[in-house]
Amino acid sequence: MKIVHIGIHSSFTENMKYQDNQLSHQNALDGHTVTYISNAQKYVDGKLVNTGYEKKTLDDGVSLIRLPYVTIGNNLLTNKLRCVSGLYELLDELSPDIIFIHDLCFMSVSDVVKYKQANPATKLFADTHTASYNSGTNWLSLHVLHRIIYRKWTQSALPYLEKFFFIGENEAQFAAQNYKVPEKMMEFLPLGGNVPGDLFYRNVRAKKRNELNVPENVRLYAHSGKLDKEKKTVELLNAFYNVEDENARLIIMGSIPDGQKEVITDLVYRDRRVNFLGWKTGDELIEYLCASDLYCQPGSVSATMQNAVCNFCPVMTYPHKAYQHELDWGNLIFVKSQKDIERAFQEIADNPKKLKELKEHSKMCAEELLDYRKIAARMYV
């Protein structure tokens, strides 16, 4: 089949482990002809940059096409309205059997609806990654952008969808409350990952731990992302420092915003058990997750959480509603404060076998719920 992913709201970045990359990659592995249509932006060393129009074939065979936004007023309006030129004509040329829209909140969704009307046999899916923790955070955004403009675009597409997927409970609630998506139309489709075979996992784990000089009897904790205040990196580093555990190491990966750079750097260098590794590609990050025994995400949500579980890592995380509802398979340690993080580290130091039990539950969650082979298959029926 011919499958087209449309991520006009997303900024497709090669070699990352976001849903955009992994779901389209899995479609290609399954033998389909796959195209991803993105906006003309991507991340470079954690910063968003403009690319201009681009058309290329990725290493996995996926065709990537970047369409720049049409300028509407100022940059703020342009980036909120997300209009691209020529989307209908591009779809007509590609003639897809399946279209998967990653977020309906873009003006040119009308082109997709128009194409579906002209080609009713094409299956049309959409999902939402939008929730109150990342969107509608001020009155104007919530009441004008989401409840008027984005609701209108979403409603225009709903009659033509096979399914409206949500990635978590927060996203489902936001869609129901602000876009008036009927509950009966919605279905949970988690962010996932590629689950490694046992031999690959063991080889990568041994290689990375050898590079890091971390013996197998030493517990390796990992933390990553754009390390702003919402990630609670400072609280994590302080908590780790306060627990005397010579059999634990912490690796930090990602980019540090200017406002956080001095304080995080100081906290890293005061503790010889901590190693800051800088920004890593998606493939590199996966290898470090294989090597780790616990992924630490005490702050804001991140797709790395699911990738960690898919590489059999338990996760220390803030009790976000979506994690409590769908992803708690007995593999999560919930923390809210620095004291909670300290308590969790101390409990592991006192009872190291706890991590082994949590790891087994992460493996079950990965194989039964989060494997992109199973997630992608839901598009084909």
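The values are calculated or read from the model by the stated rules, or taken from the named source; none is laboratory data. Just so it is clear, the structure is predicted and the values come from calculations on it, not from any experiment. Heads up, the Cβs are rebuilt from the backbone with ideal geometry, glycines too, and the neighbour counts pull from every protein chain shown.
Numbers for the structure displayed
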| item | result |
| --- | --- |
| Residue within the stretch 200-215 that is closer than 20 Å to Thr13 by Cβ, part of a loop (DSSP other than H, G, I, E, B) and either at pLDDT 95 or above or β-branched (Val, Ile, Thr) (or both) present | no |
| Positions within the stretch 154-170 being of a type in the set (Phe, Trp, Tyr) and either surrounded by fewer than 20 Cβ atoms within 10 Å (Cβ to Cβ) or on the phi > 0 side of the Ramachandran plot (or both), in sequence order | Tyr160 |
| Top-ranked residue of the stretch 35-86 - restricted to ones that are surrounded by fewer than 13 Cβ atoms within 10 Å (Cβ to Cβ) and basic (Lys, Arg), ranked as nearest to Leu145 (Cα to Cα) | Lys47 |
| Tabulated pairs, the stretch 27-38, first within 10 Å of Val62 (Cβ to Cβ), second among the polar types (S, T, N, Q), C-beta under 6 angstrom, 6+ apart or interchain | Val34/Ser24; Val34/Asn27; Thr35/Ser63; Tyr36/Ser24 |
| Flag for Ser302 being closer than 23 Å to Lys336 by Cα, touching a residue at least 40 places away in the same chain (Cβ under 8 Å) and over 18 Å from the mean Cα position of the chain (by Cα) | no |
| Hey, Phe174 closer than 25 Å to Leu285 by Cβ and not charged (D, E, K, R) or not | no |
| Residue within the stretch 179-195 that is in a helix (DSSP H, G or I) and either touching a residue at least 40 places away in the same chain (Cβ under 8 Å) or more than 30 Å from Phe106 (Cα to Cα) (or both) present | no |
| Options Gln324, Gln338, Gln346; residue that is surrounded by 16 or more Cβ atoms within 10 Å (Cβ to Cβ) and assigned by TED's automatic domain parsing to the domain that holds Ala206 | Gln338 |
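Residues are listed down the side, and each one gets a yes or a no for (1) farther than 24 Å from Leu220 by Cα; (2) over 19 Å from the mean Cα position of the chain (by Cα):
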position	(1), (2)
Gln324	yes, no
Lys336	no, yes
Ala349	no, yes
Lys354	no, yes
His361	no, yes
Glu367	no, no
Leu370	no, no
Lys374	yes, no
